[in-house]
Amino acid sequence: MHIGNTVTLGPIWAIVLAGGDGTRLRSLTQDGAGNAIPKQFCSLSGGASLLKQTLDRARSIVEWERITTVVSAAHRQHWEQPLRILAPANLIVQPANRGTGIGILLPALRILTREPAARILILPSDHDVADELVLEASMRAALVATACHTTGVALLGMEAHYPDPELGYIVPRPEAPTCLREIHRFVEKPAMQEAQRLCEQGALWNSFIFACRAQSLIELYRARCPEIVCRLEAVCAGDYNTLDEVYRELPQVDFSRQIAAGQERYLSVLPVPRCGWTDLGTPLRLAQAAARHIKSGAGMPKASWSTPGDRINLAQRCMRGDATRDCPPQSAATQ
């Protein structure tokens, strides 16, 4: 597969993370019967679901046959029909949510058993992006860079143009001669005053989008939780039907806190130009994204397939409710 015009990297895969429960937005994602629909299966402003948008984001770089999606068994009614577009082997159904760490590790191990030389693009399914072309170019650059950089894992860092205490920050080391920069440290959800200092010092928002060599990613896990890696390797190499039993004994693993933090020397960050990116993890940031869509009047294309949550327009619900009460000033929140 060709990334850019001249570089051939071999097999490129994408992992779309769609197994979260979205508890922080539960009040905005209930259907008529009062059942909460995880936000990835909902529409931001009346078009395709967030999951569909993320699959399209992955498809801009990766062929369909190499797109893997991680979902939860508890959400089957929301994903079973629309995700028939994927090969059955590329649909990873977790018996339970065990955190982002496990949600990434399981599909990465399955990819590694199929193509050991694979490079992987990891994409959460709860983001809104105003300029997809800018993000696409950065994702491609990260994939290229991991081919020759000493660290095989490159995170995408977004310019932090206003302080947000609910986001994670990446503090890079001084400018490097390549597009990738070494990471000094991570700061997870700082207090507002510290978030302000981080912005002034050039810290980046941690988008949780990253590109990696599959082998390099697994080595990060081996350094922190070798027993879990061994258990899931055995499942991937043997009887996948034993996954329920294995999951009952797995702990919650957060990728940012328990895998990445403390291993900065094995990671790098690629600064991304402003592209109108936001993580829709809180009612506040959802309100900011909704305000931008309403202000621009830009509707999103209708879904080529739908989920029950497509009927839930998060922007409308957000703007009707009180989620905007504590929003930053419009000029800062929507730059």
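We did not get these values from a lab; they are worked out from the coordinates using the rules stated. Only a predicted model underlies this, so the values are computations on that prediction, with no experimental measurement involved. Every residue, glycine among them, receives a Cβ derived from its backbone with ideal geometry; neighbour counts consider all protein chains shown.
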For E63 and R197, extending 7 Å from Cα along the Cα-Cβ vector and measuring point to point gives, in nm, a value of 5.1
Inter-site label distance for H161 and E219 at 7 Å from Cα along Cβ, in nm | 3.7
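For segment 191-297, which GluC sites (Glu not before Pro) are in a loop by DSSP, counting at most 14 other Cβ atoms within 10 Å? If you can, show how the numbers build up before the last one.
On the way: sites: E194, E200, E219, E227, E233, E245, E249, E264; in loops: E249.
Passing both the DSSP loop test and the Cβ count: E249.
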In segment 98-178, which GluC sites (Glu not before Pro) are in a loop and have at most 10 other Cβ atoms within 10 Å, using DSSP for the loop call?
-> E175
Exposure proxy check on H78, H127: fewest-to-most Cβ neighbours within 10 Å is H127, H78
Note on segment 47-154: contact order normalised by length, alpha-carbon pairs under 8 Å, 6 or more apart, percent, works out to 29
Aspartates and glutamates near K189 by alpha-carbon distance under 15 Å, same-chain residues fewer than 8 away left out - which ones?
-> D164, E166, D254, D279
Placing +1 at every Lys and Arg Cβ and -1 at every Asp and Glu Cβ, with all other atoms neutral, what dipole size does segment 193-287 have around its Cα centre, in debye to the nearest 20?
-> 400
Specify which residue in the list G152, L167, Q196 is farthest towards the positive end of the charge dipole of segment 124-212, using unit charges on the beta carbon of Lys, Arg (+1) and Asp, Glu (-1), about the Cα centre.
-> G152
Unit charges on C-beta of K, R, D, E only; dipole of segment 40-94, Debye | 60
Expected sort for C179, C230, C42 with the fewest Cβ neighbours (10 Å cutoff) up front is C230, C179, C42
